[in-house]
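The structure appears right after this line, and notes come after that.
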Amino acid sequence: MSEPDALTAAGGPVGAKSLTPAERRAYQIEILIVLAVTFGLSAVTAVLQLTDFVLRGLAGQSVALNPRRSYFSLIDLGLNIAAVTQLVAWGALAAYLLWRSGFSLHRIGIGRFRLRPDLLGGIGLAALIGVPGLGLYVLARAIGISAEVVPTELSDNWWRIPVLVASAFANGWAEEVIVVGYLLTRFEQLGLNPVKAVIWSSVLRGAYHLYQGFGAGLGNLAMGLVFGYVYRRWGRLWPLVIAHGIIDTVAFVGYALLAQHLGWLGDTT
């Protein structure tokens, strides 16, 4: 499939002026459908869950990021693999829609993986976001604006660590491809100001994390602003996927291995 002629030399997407009214309408509908299937619906349910938590006392509530899905080990494994597959499919759907409309994987930042800019860039971003993120969570718990976040409830099975790592990077893949790569590309095609596009993308990211509390919403909004800026600057999605995966892996696996020593993370006193 050939790329649109209107793409700039720098690799930017088709401008709004090149779209017909029918194409604009089609892309607007496509965005609504993608979000209704993925993180838009997650944002709605997160707001409702936050409302429920606030009415019941937010600081006293607990939420598991990787819940135990069955009392039977192999069924639990299967359900977790299904959840990971769903996230991978969400990201693949968004990438396919962009590719189908004329954007190569290289254009949207997920072409050939490059060690130096992608892996090292991702590690740097993970350090930049991860450490302050942990501090924000501790502060949010201390002042009562966050639920207790339990990174995993999975039993100590042989498959627990691989599944947690897979879940971490599946989260990174789905979120960064959809919320950054897909949305920013489509927003720019529709003529939305680039700064506003990053802000709206970041607001969505913050909204679907509100089920963890206000602190998570604010922290992920800030993460979205940083990631959106980096994407527009570098034109690469892989560093964002790697960074997100590393942050979640440290949280999920670290908790699984050290849970007995991390009781202070949930302490609100």
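I need the per residue convex hull volume for region 106-182, using only the alpha carbons, in cubic angstrom as a whole number. Spell out each step's value before the answer.
Details: hull volume 10.2 nm³, N = 77.
Once divided by residue count, the hull of region 106-182 is 133 Å³.
With N denoting the number of residues in the chain, provide Rg(C-alpha) divided by 2.2 N^0.38 Å, to two decimal places.
Against the empirical 2.2 N^0.38 Å value, I get 1.03 for the chain.
Please list the non-local residues whose amide H lies under 5 Å from the amide H of VAL150, H modeled 1.01 Å from N, same-chain partners needing a gap of 5 or more.
Long-range HN contacts for VAL150: VAL63, ALA64, LEU65.
So how do 47-54, 174-181, 214-221 stack up, highest first, on mean other-Cβ count within 10 Å?
Order by mean packing, descending: 174-181, 214-221, 47-54.
Could you work out how far apart the two model spin labels at THR20 and VAL226 are, taking each label as a point 7 Å from the Cα in the direction of the beta carbon, and quote it in nm?
According to this spin-label approximation, the distance is 4.4 nm.
Which order do the peptides 247-257, 189-199 take when ranked by the mean count of other beta-carbon atoms within 10 Å per residue, highest first?
Working: 247-257: 19.1, 189-199: 16.0.
Output ranking for 247-257, 189-199: 247-257, 189-199.
Say the dipole of the chain comes from +1 at the beta carbon of Lys and Arg and -1 at that of Asp and Glu; which of SER101, ILE242, VAL149 then lies farthest toward its positive end?
SER101
Among ARG232, ARG141, ARG114, determine the one that fluctuates most according to a GNM of the chain built with springs between C-alpha atoms less than 10 Å apart.
ARG114
Computed from the coordinates by the stated procedures, all read-outs in this text should not be read as laboratory data. None of these values were measured; they are calculated from a predicted model. For neighbour counting, all protein chains shown are included, and Cβ atoms are generated from backbone atoms with ideal geometry for every residue, glycine included.
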